[in-house]
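Beneath this line is the structure, given in structure tokens, with notes to follow.
The values are calculated or read from the model by the stated rules, or taken from the named source; none is laboratory data. The structure presented is a predicted model; accordingly, all values stated were derived computationally and were not measured. Note: ideal-geometry Cβ built from the backbone for every residue, glycine included; neighbour counts use all protein chains shown.
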Amino acid sequence: MAAPVLVWFRDDHRLADNPALAAAVASGAPILCFFIFDEISEGFRPLGGAARWWLHGSIEALDESLKRLGSKLILLQGAAESVIERIASETGASAIFWNRRYTAEEIAVDSAIKKSLTVRGIKAHSFNGRLLNEPWEITNQSGKPFQVFTPYSRAVGQRPVAAPLPAPQNLESGNWPSSILDEALSLAELHLEPVRPDWAGGFRNHWQRGESAALERLADFLDGGLKGYAENRDIPGVEGTTRLSPHLRFGEIGPRQIWHAIAHRRSHEPGLGRDAEKLLSEVVWREFAYQLLYQYPDLSRASHSRRFAHFPWSEDEKAFEAWQKGLTGYPMVDAGMRQLWRTGWMHNRVRMIVASFLIKHLLIDWRRGEAWFWDTLVDADPANNAFGWQWVAGSGPDSAPFHRIFNPVTQGEKFDPQGNYVKAFVPELANLPSAFIHKPWEAPPLVLRSAGITLGRTYPLPIVPHGPARERALEAFRRLRDEQ
Ligand code: FAD
């Protein structure tokens, strides 16, 4: 029997448009599929709780899909390099196939594995399964990576996007040796889902994990959500965006599939032009974030702008806790933080508002916010999360200026005028008339009383006043510049 080949799944939990899997199938050799839960390779950032929850369902769905093709997913745990060393020698595999990853630590591990397998005569084939373009493929006229989104996006628009690959219909499965099967773990043994307390109840009501769910969500959105996306995407009280982010994070769907599905729909419905353009451009923001992560491996760890190295960050733990719990007294901020806690996801507009509030109103280091999002978001992504935080802080390569300070009241009045979003996540304000929903402290006592609200008791007063907090932030930033 021919030597088997290995397919290593990592953040690409799908059968369709999976170039590593497709190439393994094309090799004609029997295939062995596996996943390594690796939290110990040097510098690897452990997944947060919400992402672990998602990963559980993602692996389960992938295993079911592989089983339908007569194969299965073997789960192993440990440092990838040594696990692969063992798998390679015990299976007698002739080659390994994987899709690329982009943090510096992952690249280092993958390069080391490739090198040691090559020395042993085992071919390591890697592919782009995660992005429209590799981070090193899009450069400016001097051959350097772009630092600014608009020209980057223009350059992306000039390149064709390869058509997505179909899912394999058949898969010749190899036989795992018993030595590897003996050390394989069941999904439950990875302990990815919370047990006591089981805080993921709200997540289950909101999400279906896995490739089929991702494809269904995309199809549903194209049918019912794409028209009007350009406007609706900014209204947190409606389901105006795709909510594909956790599926993309775990590779249950790839950007090429999304790209071509949108382009196809647009070609049949020319009236969708603006909405389709806007959604495609969001997908390109994700590409841009990956390009920056590749260029600046410290994106989640250090402010890109050196000016921020001496920023006088506050250590106010009580304020940080109020932000985490959604008890700041600003309804828009609190609704966002509670949506995050309850569902593992937050609307993009509100991510910007809560991030700005933490950094600028509370003067708390953006990295603490990034870490909280990392732990609580089902879509916590090494590139998008760090990029999003640095963008709001004004410390990133292409970011909003620091002096752009979101006013949580006017943002709420503009994007949630009836207070639907606030009322969905801050039930103690449900009976407040919309005129006061974003500033309950301005409501007359009678109005508060008939809404059942006692400020400071049933709902907090603002933990910082907007005007002075804004001035304090601007002053801190000005002083920083003076010290340059
Ligand atoms: P849609 O509007 O339907 O967009 C489709 C896809 O485009 C998204 O799934 C996402 O992959 C991409 N996209 C959309 N907006 C952005 C953006 N601003 N930057 C980069 N890619 C984008 N996104 C994550 O996927 N993971 C994160 O950890 C993350 N952290 C963030 C932190 C902050 C502080 C901010 C301001 C933004 C963050 N984002 C993050 C970006 C954005 O908020 C989410 O991608 C988006 O809300 C996901 O919802 P959706 O899939 O419905 O988006």
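Quick notes
- Only one of Asp381, Asp316, Asp375 that is more than 14 Å from the ligand (Cβ to nearest atom), modelled with pLDDT of 95 or more, over 21 Å from Val422 (Cβ atoms) and not basic (Lys, Arg): Asp316
- Within segment 227-256, the residues that satisfy the criterion of being farther than 15 Å from Met346 by Cα and either surrounded by 20 or more Cβ atoms within 10 Å (Cβ to Cβ) or of a type in the set (Asp, Glu) (or both) are Tyr229, Glu231, Leu248, Phe250, Gly251, Glu252, Ile253, Gly254, Pro255, Arg256.
- Within segment 364-376, residues that are touching a residue at least 24 places away in the same chain (Cβ under 8 Å) and in a helix (DSSP H, G or I) have Cβ atoms under 6 Å from residues that are among the hydroxyl-bearing types (Ser, Thr, Tyr) and near the ligand (Cβ under 8 Å from one of its atoms) in no pair, counting only partners at least 6 apart in sequence or on another chain.
- Qualifying residue in segment 53-67 (condition: touching a His at 6+ places or on another chain (Cβ under 7 Å), closer than 24 Å to Glu211 by Cβ and of a type in the set (Ser, Thr, Tyr)): yes
- Complete set of residues in segment 315-336 that are of a type in the set (Phe, Trp, Tyr) and either closer than 17 Å to Glu370 by Cα or in a helix (DSSP H, G or I) (or both): Phe320, Trp323
- Among the residues of segment 172-182, some residue qualifies, meaning at least one is modelled with pLDDT of 95 or more and over 27 Å from Val25 (Cβ atoms).
- Within the set Trp366, Trp345, Trp323, the sole residue that is within 14 Å of the ligand (Cβ to nearest atom), in contact with an Asp or Glu (Cβ under 8 Å, 6 or more places away or on another chain) and within 26 Å of Ser245 (Cβ to Cβ) turns out to be Trp345.
- Counting the residues of segment 222-261 that are near the ligand (Cβ under 10 Å from one of its atoms) and not in a loop (DSSP other than H, G, I, E, B) gives 9.
- From Val409, Val354, residue being near the ligand (Cβ under 9 Å from one of its atoms), closer than 19 Å to Pro468 by Cα and at pLDDT 95 or above: Val354
- Listed by first and then second residue, the pairs linking a residue in segment 118-130 that is closer than 14 Å to Ala16 by Cα to a residue that is buried (at least 19 other Cβ atoms within 10 Å of the Cβ) and acidic (Asp, Glu), with Cβ atoms under 8 Å apart and 6 or more places separating them unless they lie on different chains, are Gly129/Asp12; Gly129/Asp17; Arg130/Asp11; Arg130/Asp12.
- Scanning segment 39-87 for residues that are basic (Lys, Arg), in a loop (DSSP other than H, G, I, E, B) and farther than 18 Å from Glu252 by Cα gives a single hit, Arg45.
- Matching option when the condition is free of Cβ contacts under 8 Å to residues at least 60 places away in the same chain, assigned to a helix (DSSP H, G or I) and among the β-branched types (Val, Ile, Thr), among Val350, Val447, Val409: Val447
- Residues located in segment 267-283, provided they are surrounded by 20 or more Cβ atoms within 10 Å (Cβ to Cβ) and more than 7 Å from the ligand (Cβ to nearest atom): Leu272, Asp275, Ala276, Leu280
- Set Arg217, Arg204, Arg159: member being more than 30 Å from Pro4 (Cβ to Cβ), touching a residue at least 24 places away in the same chain (Cβ under 8 Å), assigned to a helix (DSSP H, G or I) and of a type in the set (Lys, Arg): Arg217
- Per-region count, segment 450-478, residues in contact (Cβ under 8 Å) with a residue 12 or more places away in the chain and basic (Lys, Arg): 2
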